[in-house]
4 protein chains.
Amino acid sequence: MDVQPINLAEFEAFARERLPASEYDFIAGGTADEATLLRNRTAFGRLFLRPRVLTGAGAPDLRTTVLGSEIAFPILAGPAGFHARAHPDGELATTRAAGALGTAMVLSSASSHPLEQVAAVATGPLWFQQYLFRDRGLTADLAARAEAAGCRALCLTLDSAVRAKRERNIRHRYTNPHSPTYEGVAVPDYDWDTSDAPRGVSALIDRAAGWSDVEDLAGRTALPIVVKGLMTAEDAALAVVVSNHGGRQLDGTLASVEALPEIVAAVDGRAEVYLDGGIRRGTDVLKALALGARAVLVARPLFWGLAVDGEAGVAAVLRILRDELATDLGLCGLASAAHVPRGTVTPRPRLGTLASQLPYAVNGNPAQVGQSDP
Amino acid sequence: MDVQPINLAEFEAFARERLPASEYDFIAGGTADEATLLRNRTAFGRLFLRPRVLTGAGAPDLRTTVLGSEIAFPILAGPAGFHARAHPDGELATTRAAGALGTAMVLSSASSHPLEQVAAVATGPLWFQQYLFRDRGLTADLAARAEAAGCRALCLTLDSAVRAKRERNIRHRYTNPHSPTYEGVAVPDYDWDTSDAPRGVSALIDRAAGWSDVEDLAGRTALPIVVKGLMTAEDAALAVVVSNHGGRQLDGTLASVEALPEIVAAVDGRAEVYLDGGIRRGTDVLKALALGARAVLVARPLFWGLAVDGEAGVAAVLRILRDELATDLGLCGLASAAHVPRGTVTPRPRLGTLASQLPYAVNGNPAQVGQSDP
Amino acid sequence: MDVQPINLAEFEAFARERLPASEYDFIAGGTADEATLLRNRTAFGRLFLRPRVLTGAGAPDLRTTVLGSEIAFPILAGPAGFHARAHPDGELATTRAAGALGTAMVLSSASSHPLEQVAAVATGPLWFQQYLFRDRGLTADLAARAEAAGCRALCLTLDSAVRAKRERNIRHRYTNPHSPTYEGVAVPDYDWDTSDAPRGVSALIDRAAGWSDVEDLAGRTALPIVVKGLMTAEDAALAVVVSNHGGRQLDGTLASVEALPEIVAAVDGRAEVYLDGGIRRGTDVLKALALGARAVLVARPLFWGLAVDGEAGVAAVLRILRDELATDLGLCGLASAAHVPRGTVTPRPRLGTLASQLPYAVNGNPAQVGQSDP
Amino acid sequence: MDVQPINLAEFEAFARERLPASEYDFIAGGTADEATLLRNRTAFGRLFLRPRVLTGAGAPDLRTTVLGSEIAFPILAGPAGFHARAHPDGELATTRAAGALGTAMVLSSASSHPLEQVAAVATGPLWFQQYLFRDRGLTADLAARAEAAGCRALCLTLDSAVRAKRERNIRHRYTNPHSPTYEGVAVPDYDWDTSDAPRGVSALIDRAAGWSDVEDLAGRTALPIVVKGLMTAEDAALAVVVSNHGGRQLDGTLASVEALPEIVAAVDGRAEVYLDGGIRRGTDVLKALALGARAVLVARPLFWGLAVDGEAGVAAVLRILRDELATDLGLCGLASAAHVPRGTVTPRPRLGTLASQLPYAVNGNPAQVGQSDP
């Protein structure tokens, strides 16, 4: 690496210099006014950590498990299409970096490299992301290939049946130069060569799919299923990635971290809950863990790492986040990333008692009113 | 169209380049400090959509009805004076564009073209906007002409009896070059040639009018009456357009979308409630529908469309909003624009359970306090 | 007037061009970080008007009474030292302008012109502002002169016993070139020639004064007493001007308009409550009236008027505020400035019912959780 | 002093001109995104003073006691490493200035001058700040030296066992040129020559220390112990400095002043509570006192004073804060810095009664709805 970014914001700045504007905007952009994209970041700033002292915690243990597999720290490489946008090694580099650091990789079904080749270089847990295609055979075949290749879970993205309006791509008249690499699978109308990748894939997805289709897929695979893209308690079920697709689908939602508490409450311990959206600092990870997430996923920062230095860049990105998390756990007096108390985070100062102090008397000058105030 | 605006903000930017500054400011401006004008936009940013997944909704049906007439999507061309400000075809172009897209047009009584000519080109529902003039004969005559011309409703604007202080117009020493086109109607003191159009019309309006005057007009026409310009639950009655006149009358009100819930609650299903003010995105429309609006009205964007490309520009404006709404309904898992659940929108994250998690113990280090905190 | 300011903000801008920087800063400045100065303005932006329609109100009656004297509209010329800072005619001009418009003038005891000369040109009610000096004789003598000159009330400023830190003055090494004009009164240590006027006067004021001193003064004069500078319900008594001295004394208080409701509640109709601080628009006046103020006082804008055009400028300032108030009363459907309902203003949208709509079911997809959320 | 800074913000600006950028950034900087650093300041702006009038208070008495020692005003010189960064006289200058003004000095264990030399120039109370080192012998020896030198308390910093990520230092590749001056104490691995001072000291601190270690130290010294770095009610015990280490350790906490109320409530009068973090104005001090702090500590401003004019600069900094506090106590009608009522500060305006005024009727036009709104 000829530059030395010290945090993820600097990684993005250096990556931006190296990428074509259209590719940078494709990766960095959100939908419509990008209000959700922004809120995914700012929402973390409205959550506050409550550090404890003298807990005797010692150096924290960063390990946790996801669906039974141990990972070295609770940050996964999240699914995102076509890593070759940022570096020719693409998903091969990302998967190697994740494995080297001991964490899991979630491979997008829009991969620059064939699933089997990626699986061959994986040394950590590999999950496969896919959609509920209208073509149920294609859906089942991809799941079968993932299972055969040794993947440990299917991550079903549920929020992409509708093509979002990503205006940065429209302004670039963006034509996706990348093609998915499922050579053995018949995808006759799989048209990636459009001005906006999601159109292609959204055209293939069954807009009328329901929970029974998830159950149907579950019946056809031995792999556990993680559903991704939920933002409401009403939809919480199974293992779930709370996600607004990084602000790339519906504009005007809450930040995913703001939706997390209601979903954790609804799931009530019956399944694991993950989160993506806006994670850029160890404190972000820690806040998500405190709110009940088992682990978090990062995606855009993988591209910034790839663009800066391929596999080594991705490894540096993950290492920075991991080290920041270790520091922050320590500063909070916590011993384990797998057990972060809810009280570690608060949405506001506890100023309530102040109100009950009014009115007040001074210097023997009695308070002259006795009204109560809500 | 020699330019290709992709959203309403770009339409406004292009229109601004094409319009004289005084006309742009007349259309875009609000009253006094323009606080309400700004809030009409920012209030939408404080409402958040709650998307659902796997609802089996398929592609959404955008149709709805207004006062019994079906329209293709719940966005009406709202009333605004003198469309010829932006294009010589004026209301003829706007009405044709609305009709071509299958939605309704609300014609201002300050029209650049005679009511009957506009009605002749209307292929969708046409409503006629008017005031409660001091001259009850003029009021009744206009209502009769609207009825005879085939209009389907009267839209009574109630917030314009007082001339507002629109400072952009005062600074331009704006003289209205446009005249209304009610040739057959005697309007002796109808003085449009002032520095600020509303003075003219406000001088004609009966400031002392009350609800009995509305009832009186209702007795003289077969058309249903929609009252426009209400902002409080106390005033809710009949079919109503919740509106602060686009921030052009009283400065310092809530945004109209912020007043919508209390009015919907007051009307309690007894009449249809519409909304105008700040609608610029499909998500804005969706939020208004979720809060109980039957449909929304847009006005300023009509001028931006006219200025950019006449009828084709207006059609593009309406089409963009319609397509964004279709996308956003789909992304929320909703099947119909006519049935949007209230829970689709929320004013804030549901973080309440966090507070009850405090205080907390870590690593066997017991929480040392038992105080309760509001 | 060679310029035509159309609102008070423009008056200030033009006045700034005409005044020496040290005098502009003396008038415009606040104390310390000027947080209160800023908040006095921004607090109005967090209060929202709720306009009513079809109330049959007609043109509003702006008249009201203060302490039994009728004034033409509820805006008084508030007390402020040395009007000659801005125009040689000083308080003579201000008093003539207030009288010509039919409202009251509150004359500062730090007047550029002798009390008796000012009283001679007053055609509206004149109040005299003074302090509780350590020298009780001086206090009583000034009250007696005010009574003899025909003043109708004493306005006792209570928040100036301590010299505030007005940093603009310190940076200008401001030396007050003005002297008070109580020729007949012995003020041996009345030292106005300091870098900051309040030092002079604060040195004379009795820091240990209590309510008994007010009662004592009340026993020595036939005039009613209005106490000025209160910001808490605990201190409410007598007729009172809710005031933080225009942000010039203690930095870090609430805006005066934010303190108004608790004081109105404490006074509970037993006395009249006035407000100063940040009034620049008719809507500001209307909000204050809705919150229970009998009338408001303006002070800095008097200087902007004086600087721009002497008496005519002051008259224009008052006329602009009056006309804006008339417009705003009309737009709210109100008939009288003396009777503005509390519900005319609200601190927030009534979105409460939204919360109870969650969770929600869509398309037969039942809401899967039953948790309650605060 | 060749410049005349009139407040602490100006002191910082002048100091910045005089210091090398790397030293300025070392002192001024926080950790990570510096969100906590910023919030320590802005939180004071969300607390509002409630001044009282006519309390008969007279000039306020600024004296108070800390751990039984009288100090002239409730502002201590807080612990911070290596004052020689800003002036060669370092802690000798700071201690002399604090003593001259009659307040206490808290000497950092990372002092530029030997503890005994500093103690020799102290004329006010001197406290000694230290850590719980892994080397219990070193910990006890330092405590013994402090006791022998006449210190009156030990201030135990508890939030520094983990090295924080201070990015300004990393960007400067900061190498600490300063060494601590405990000549007589064996600190074999005490490595200060790193890119970031805390690494050195954090490497020495026992991360697994618990409350029993504090009790152990208490058993070995006659001095009272003040624990510093607490931010939660759960940890409140003994005399405590509520502190987030000036935003230099964990980013993303509340401001220390926001954590103060919950800790004061938990301590419930059983011990003294102090505060540091963001104190720059007399109003900040007053707000902290009103929330229950016995006194506050300032640290960064000491460096700004040193950099501008050594001992005289520190004295000026403390004098400015003291004088502002005296002014602000007076403006609030308070007689003593040792007795500031809680009601002197409020987090928000008391607007509650406004809500109950809705809906409202005007001009005999009855409110037409009876819904209740939360």
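Annotations
- Theoretical FRET efficiency, 1/(1+(r/R0)^6), r = Cβ-Cβ of B:R270 and B:E17, R0 35 Å, to 0.05: 0.15
- Antiparallel bridge percentage (DSSP; both residues within the range D:1-153; nearest 5): 40
- Stokes-Einstein diffusion coefficient of the range C:213-254, Kirkwood radius over Cα pairs, 4 °C, 1.567 mPa s, in µm²/s: 111
- The shape of chain A comes out prolate: with a ≥ b ≥ c from the C-alpha gyration tensor, a/c is at least 1.5 and a/b beats b/c.
- Among A:T95, A:T55, A:T175, the largest mean-square fluctuation in a Gaussian network model of chain A, built with springs joining Cα atoms closer than 10 Å, belongs to A:T55.
- For the range B:1-155, the percent of C-alpha pairs falling in each 10 Å distance bin, counted from 0 to the bin holding the largest distance, reads 9, 28, 34, 22, 6, 1.
- Restricting attention to the protein assembly as shown, close to 25% of DSSP beta bridges with both partner residues there are antiparallel.
- Over the protein assembly as shown: helical MRE at 222 nm, DSSP H runs n ≥ 4 each giving -39500 (n - 2.57), nearest 500: -11500 deg cm²/dmol
- Principal-axis tilt of helix C:211-220 within chain C, Cα atoms, nearest 10 degrees: 50
- Centroid-to-centroid separation of the range D:18-71 and the range A:296-345 [C-alpha atoms, Å]: 34
- Beta bridges assigned by DSSP with both partners in chain C are antiparallel in approximately 20 percent of cases.
- Angle between chain D longest axis and helix D:136-148 axis [Cα atoms, degrees, rounded to 10]: 80
- Helix C:90-101 and the long axis of chain C differ in direction by around 50°, with both axes built from C-alpha atoms.
- With contacts taken as Cα pairs under 8 Å and at least 6 residues apart, the range D:255-311 reaches a relative contact order of 35 percent.
- Global geometry of the protein assembly as shown, whether rounded, prolate or oblate, following the gyration tensor of its Cα atoms and the 1.5 cut on a/c: oblate
- The HN-Hα couplings worked out from phi for the range A:164-177 by the Karplus form 6.51 cos²θ - 1.76 cosθ + 1.60 (θ = phi - 60°) are 7, 9, 9, 6, 4, 5, 4, 5, 7, 6, 5, 10, 5, x Hz, whole numbers, x standing for Gly and Pro.
- Under 5 Å, built H, 5+ apart or other chain: amide partners of B:L107: B:W127, B:F128, B:Q129
- Nm distances between copies for C:T175, ranked from closest, using label points 7 Å along Cα→Cβ: 5.5, 5.5, 7.8
- Of the trypsin sites (Lys or Arg not before Pro) found in the range C:261-316, those in coil by DSSP whose Cβ has at most 11 other Cβ atoms within 10 Å are C:R270.
- Between copies, B:G45 shows label-point distances of 1.2, 1.2, 1.7 nm, shortest first, with the point placed 7 angstrom from Cα along Cα to C-beta.
- Rounded, prolate or oblate (a/c below 1.5 giving rounded, otherwise prolate when a/b exceeds b/c) for the range D:208-297 by Cα gyration tensor: prolate
- For B:L230, residues with placed amide H under 5 Å, excluding near neighbours: B:V241, B:S243
- Mean-square fluctuations from a GNM of chain B, with a 10 angstrom spring cutoff on Cα atoms, peak among B:H83, B:H339, B:H113 at B:H339.
None of the figures in this text is laboratory data; all of them are computed from the coordinates on show. Just so it is clear, the structure is predicted and the values come from calculations on it, not from any experiment. We place every Cβ from the backbone using ideal geometry, glycine too, and count neighbours over all the protein chains shown.
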